[in-house]
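The structure under discussion appears below in the form of structure tokens.
A short reminder: the numbers here are calculations on the coordinates, not readings from a lab. The structure displayed is predicted, hence computed values, not measured ones. Note that each Cβ is placed from the backbone with ideal geometry, even for glycine, and that neighbours are counted across all protein chains shown.
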Amino acid sequence: MADNLEQPHHRIGAADDTAALMARTPAVIAPGHTFDTVTDVISHTVLSKRTPLGWFLGFGVAFILLMILNLTIGNLLLTGIGIWGNNVPVGWAFDIINFVWWIGIGHAGTLISAILLLFRQQWRTSINRFAEAMTLFAVACAAMFPVLHTGRPWLAIYWLFPYPNTMGLWPQFKSPLIWDVFAVSTYATVSLLFWYTGLVPDLATLRDRAKSRVAQRIYGMAALGWRGSARHWQRYEMAYLLLAGISTPLVLSVHSVVSFDFAVSVLPGWHATIFPPYFVAGAIYSGFAMVMTLAIPLRRFYGLEDFITMRHIHNMTKVMLVTGMIVAYGYANEAFFSWYSANPYEGYMMLNRMTGPYALFYWSLIGINAMMIQLFWFRSVRENIPLLFVLSLFVNIGMWLERFIIIVTSLHRDFLPSSWDMYAPTRWDFGMFAGTIGLFLALFFLFIRFLPAIAMFEMRAIVPEAKLKMEHHG
Amino acid sequence: MAHEVPASTLYGLMAEFDSPSALVEAADKARLAGYRRMDAYSPIPIEELSEALGLRRTRLPILVFLGGLAGGLGGYGLEYWSQVIEYPMNIGGRLYHSWPHFIPVTFETTVLGAALTAFVGMWALNELPQPYHPVFNVPEFVRASTDRFFLCIESGDPRFDREATWTFLEGLRPVGVSEVAP
């Protein structure tokens, strides 16, 4: 058994190269940590009585944006969706741009927690918890857009969910929009189950370490009486693995289904078979950018550099480089087929994207998602944390612009020139978008304050102490 | 606190260890000594413990498979029933039973059924949530969720004998041994 754990991950003959590489590759956890120190450092953030001033500042900003969201939704429900800028021919705009953007961001969380678990990527351990939280909050923000776009969601629920309503109507299962309802609601549910399952042993740790009676009670109830029994761990590990296995095809399906919203239609610019893989890659790309945007300040302000090490930063950058290149391939493919198909509508769609009224946005997204990310090839860039933070923000912007271009330019000039028109968002569109950013950040700040942002039990399992040092009595 | 609890009402005896290796070794020895009704407690999952304690494989995977199957059949069934039997509607001339259109929802409900079963099944088989458990009566057990490892031999074991089991546990060179009040 000990042999198994010590097995080196290289071929004979490549030993020197590997040793050299290992020396240059930072570890997933800084040396010198024990069960106690990892638990202490991570739980301290939660159990400490003192809340840092920076937290209040950050939460304050997020809270103001959240109030803008409340105001916008209030006005929307009182007035109607006419307060938004979308209208014929651009019937879908910020509502679906932001929906796709947020859903995409969520995908990195599931990729980190599920797919990297199946591939035994140990570096996922210190970022999976907050990445999963990011997924949940991003999906909550995303869901708000289509739901509120129905105008009167409480009346529209029979369009969305199959339940025996008084009109005897059923959702139209041949529509991709219904597939989307099922995909996103399943995704939200499974992400929540996965996240909570992962939290339970850590909640037990917080219960046992909390000093205040109230905290002991609350964490105790949430921990479900977890006591770390070997029998429980056995089923727990199995359930965790199964959930990871189930989530892996799920996350790939969700953005594929989101892309069907477009690809199943016959509109030039939407009707393309490249959409599902291109959307999934874009989702992971933008999601990793958001993980980076959150991880860089988190590790800095909470002193978590020992756990979220340069190894994580390097690996996330590399994932962004790969997925970004797939996205760039998607752009090239779209452009190529608009010419190769010899379809005048497809050809005009692409010409309009490149030279039409929204061309600035198109070239910005090409500049960011195809050109700028080439910087990630350089080690000096991957090690420059402030620069990476800025670049990750740019990627978030670039991916938002991509969705804007796909949605708005395809709709605003379709087959019939007499119905062409321009689209411009109103202040309420911006209010809603800024508001969901506020909701996301507010939830994230609360999460960091009240729940462990790094999975303590998984971190304990990777410290050197956790390795068995015995002769095995087979 | 060694002899505060009357023997008849003892839940068991619990030894505390300071490393996962010591716990696995102790569990191994306890099993070889013939103890069966025992459990180990650790702050991290330890794969080798299942073997050391002689635990059987969990039934969870088969339950999850059945949950997924039920979800998939339920999803497809719902689509078929609502689109073909209950309210057939001509949408762009497509067949009422246009099965390719039914696949995405079937896939999602399969996943949902499997995931819900994994979640509910795991907690149900573990008999959690459980608000009270005797092991929490041991003050040292508070570290079971941080850095200490425990082996508890329960009084229900046929080989359990207060004195002999105590001596046996002491022989495993633990950090300490405690009685567990029920």
Report the extension gain between residue A:301 and residue A:78 in nm, rounded to one decimal, defined as 0.36 nm multiplied by the number of residues separating them, less their alpha carbon distance. 76.1 nm
If I stretch the segment between residue B:175 and residue B:140 completely, what's the gain in nm (0.36 nm per residue apart, minus their alpha carbon distance), one decimal? 11.6 nm
How big is the convex hull of the Cα atoms of chain B, per residue, in Å³? 156 Å³
Please report, to two decimal places, log10 I(q)/I(0) for segment A:351-474 at q = 0.20, 0.21 Å⁻¹ as given by the Debye formula with identical point scatterers on the Cα atoms and no solvent. -1.19, -1.21
Against the longest alpha carbon principal axis of chain A, how many degrees, from 0 to 90 and to the nearest 10, is the axis of helix A:53-79 turned? 30 degrees
Rounded to one decimal in nm, the spacing of the 7 Å Cα→Cβ label points at residue A:273 and residue B:32 is 6.3 nm
Using R₀ = 30 Å, calculate the FRET efficiency as 1/(1 + (r/R₀)^6) where r is the Cβ-Cβ separation of residue A:310 and residue A:446; round to 0.05. 0.55
Between residue B:9 and residue A:211, what FRET efficiency comes out of the Förster formula 1/(1 + (r/R0)^6) with R0 = 22 Å and r the beta carbon distance, rounded to 0.05? 0.10
Just checking the output field for A:187-193: average partner chain Cβ neighbours within 10 Å of each residue's Cβ? 4
Give the average, rounded to an integer, of partner chain Cβ atoms located within 10 angstrom of each Cβ in A:170-181. 5
Per-residue mean of other chain beta-carbon atoms within 10 angstrom of the beta-carbon, peptide A:194-202? 2
Can you give the calculated 222 nm mean residue ellipticity of chain B, where each DSSP H run of n ≥ 4 adds -39,500 (n - 2.57) and the sum is split over every residue, rounded to the nearest 500 deg cm²/dmol? -14000 deg cm²/dmol
Hey, got the Cα dimensions of segment B:126-182 along the principal axes, in Å, largest first? 33, 27, 18
Packing rank of A:334-347, A:393-406, where each peptide gets the mean count of other beta carbons within 10 Å, highest leading: A:393-406, A:334-347
Mind giving me the FRET efficiency for residue A:122 and residue B:59? R0 is 41 Å, r the Cβ-Cβ distance, nearest 0.05 is fine. 0.90
Please express the shape of segment A:319-374 as an equivalent ellipsoid: the semi-axes are the square roots of 5 times the eigenvalues of the C-alpha gyration tensor, given largest first in whole angstrom. 22, 15, 5
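Sort A:105-114, A:420-429 for me by packing, meaning the mean count of neighbouring Cβ atoms within 10 Å per residue, highest on top. Mind showing how you got there, number by number?
On the way: A:105-114: 29.0, A:420-429: 15.3.
Highest mean packing first, the order is A:105-114, A:420-429.
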Distance in nm between label sites at residue A:71 and residue A:166, each 7 Å beyond Cα in the beta-carbon direction? 3.7 nm
Past the 14 angstrom mark, what percentage of all C-alpha to C-alpha distances in segment B:60-125 do you count? 60 percent
In whole Å, what is the distance between the alpha-carbon centres of segment B:100-116 and segment A:350-369? 37 Å
For helix B:60-80, what angle does its Cα long axis make with the longest principal axis of chain B, in degrees from 0 to 90 and rounded to 10? 20 degrees
Direction-averaged shadow area of the convex hull around the Cα atoms of segment A:262-321, nm²? 5.0 nm²
What does the convex hull of the Cα atoms of the protein assembly as shown come to per residue, in Å³, rounded to a whole number? 190 Å³
With a ≥ b ≥ c taken as the square roots of the eigenvalues of the C-alpha gyration tensor of segment A:153-214, please select rounded if a/c is under 1.5 and otherwise prolate if a/b is larger than b/c or oblate if it is not? prolate
As I understand it, the value is the acute angle between the Cα axis of helix B:20-32 and the longest principal axis of the Cα atoms of chain B; what does it come to in degrees, rounded to 10? 80 degrees
What spacing in nm lies between the two simple spin-label points modelled at residue B:81 and residue A:372, each 7 Å away from Cα in the Cβ direction? 5.1 nm
The extension gain from residue A:48 to residue A:155, computed as 0.36 nm times the residue separation minus the Cα-Cα distance, is 34.0 nm
